[in-house]
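To start, the structure itself, in structure tokens.
The values are calculated or read from the model by the stated rules, or taken from the named source; none is laboratory data. As the structure is a prediction and not an experimental result, all values here were calculated from the model. All Cβ positions, even for glycine, are placed from backbone atoms using ideal geometry, and neighbour counts span all protein chains on display.
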């Protein structure tokens, strides 16, 4: 019973690739935004905070539609990116990764921001008296101490990206082999007669991948926390 | 007892490296810190009751707190001068700072904590100096441990070693014994005395305990309510607070 058809297998691989890409690419930006929100006071901070969290409260279809009118091939940002860097989003797996990244971004930022805020800033002062400038203090003290939060954020981001449906299907549609993720494939299978078995197989795959991600993140976070706090 | 005032230390004691000239003002909420004093190098104590502003003064010397106005000089170098718009960041002041709570990096081993300053400064390893300080503070057995597994006294010894290994021009010690019980204090004091006598590191020792200062310092700057009451020798320790 548990032989995935090539079509299902493609959807699984595509989902993993999209979710991984979304997570890895948004990580540096997520760390930067989390740091800004946790540590800096600047004009427009509330606005930035709001924009970052918007995908969490907007209907996913709205987010997908906004992406479509900004990042489509004839849209302002989309055509600029295509002409300048040759990056195309619309109806490609890269577009799915963009949609997943945008949808998961608030979760990523939130987890990392909380861990930045929990850090004892006096340790950063100590680093500066030992000769570390702000950049090296961040790299050698702040970031390692925030690591459990960063890992938690990455897992949340990955899980959210893996399950994203509404924004993705609105922005890049549901093209087998290109933009059809596990979620989209399950949806498709439930819409056709006799698709139940295939849908169920993909459901099991989704549950297993999510569980593995959660257990792995728990393990990493526990290890990091053990290292830092001793006994 | 003759209460002394003014900055007459330099006449009494021969000048040594690590001379500090502080003249700063800083408002922190309700409290105004307005201090002016000079040290003659060697071991100087900032002495006064809790809440007198001693830690804030040390933080200004270290560059962690920015004075509202004034000037801080170490030997011939200006660390801060509001009029000349000079404010050397902490990482370029080359001072060592031992905090009340140690502040060891919890994600690094004792060895890595000790090496941090040298590593971040891109300096070549100095095995002899390392061995000397490890021996002086008796922390050789702790090198592989993590700060979470150390006792309070061990932690402070490592913190002192970490600050010393950056080869500071001046060592700032802010109540390094305050968080320790009596037995731990007695454990650390001899190491600090050795530091002064053998390593000859100029230091500013902050404390509200006359006993500690008596063993470690030769000059005293008496601080109360954010002001300098007197600058002088150890006789200031038992002078009545003047008002």
Self-check item: Selection within the stretch B:120-131 - more than 12 Å from chain A (Cβ to nearest Cβ) and either part of a helix (DSSP H, G or I) or buried (at least 16 other Cβ atoms within 10 Å of the Cβ) (or both)
Solution: B:127, B:128, B:129, B:130, B:131
Quiz item: In the set B:230, B:217, B:163, which member is more than 22 Å from residue B:113 (Cβ to Cβ), in contact (Cβ under 8 Å) with a residue 24 or more places away in the chain, surrounded by 19 or more Cβ atoms within 10 Å (Cβ to Cβ) and within 12 Å of the chain's Cα centre (by Cα)?
Solution: B:217
Quiz item: Consider residue B:134 against the criteria (1) in a helix (DSSP H, G or I); (2) at pLDDT 90 or above; (3) closer than 21 Å to residue A:125 by Cα: it satisfies all of them except one. Which criterion is unmet?
Solution: (3)
Exercise. Could you check how many residues of the stretch B:35-73 are within 14 Å of another protein chain (Cβ to nearest Cβ) and over 14 Å from residue B:228 (Cα atoms)?
Key: 8
Quiz item: Wholly within the stretch A:80-173, which helices (runs of 4 or more DSSP H) include no fewer than the required count, namely at least 1 residues that are within 30 Å of residue A:187 (Cα to Cα)?
Solution: A:93-118, A:143-163, A:166-172
Quiz item: away from chain A (no Cβ under 14 Å) and surrounded by fewer than 16 Cβ atoms within 10 Å (Cβ to Cβ): does that describe residue B:81?
Solution: no
Quiz item: Residues of the stretch A:152-206 being more than 24 Å from residue A:64 (Cα to Cα), in contact (Cβ under 8 Å) with a residue 24 or more places away in the chain and over 20 Å from the mean Cα position of the chain (by Cα), which ones?
Solution: A:197, A:198, A:201, A:204
Exercise. With the condition kept exactly as written, say whether any residue in the stretch A:145-165 is surrounded by fewer than 17 Cβ atoms within 10 Å (Cβ to Cβ) and closer than 30 Å to residue A:225 by Cα.
Key: no
Self-check item: Residue selected from the stretch A:132-151 under the condition under 20 Å from the mean Cα position of the chain (by Cα) and within 30 Å of residue B:92 (Cβ to Cβ), by the criterion nearest to the other protein chains (Cβ to nearest Cβ)
Solution: A:147
Practice problem: Just one of (1) in contact with a strand residue (DSSP E or B) (Cβ under 8 Å, 6 or more places away or on another chain); (2) more than 14 Å from chain A (Cβ to nearest Cβ); (3) crowded, with 23+ Cβ neighbours inside 10 Å trips up residue B:178, so point out which. | Solution: (3)
Quiz item: Do we find a residue being under 30 Å from residue A:146 (Cα atoms), more than 15 Å from the chain's Cα centre (by Cα) and surrounded by 16 or more Cβ atoms within 10 Å (Cβ to Cβ) anywhere in the stretch A:49-60?
Solution: yes
Quiz item: Consider residue B:183 against the criteria (1) under 17 Å from residue B:54 (Cα atoms); (2) at pLDDT below 85: it satisfies all of them except one. Which criterion is unmet?
Solution: (1)
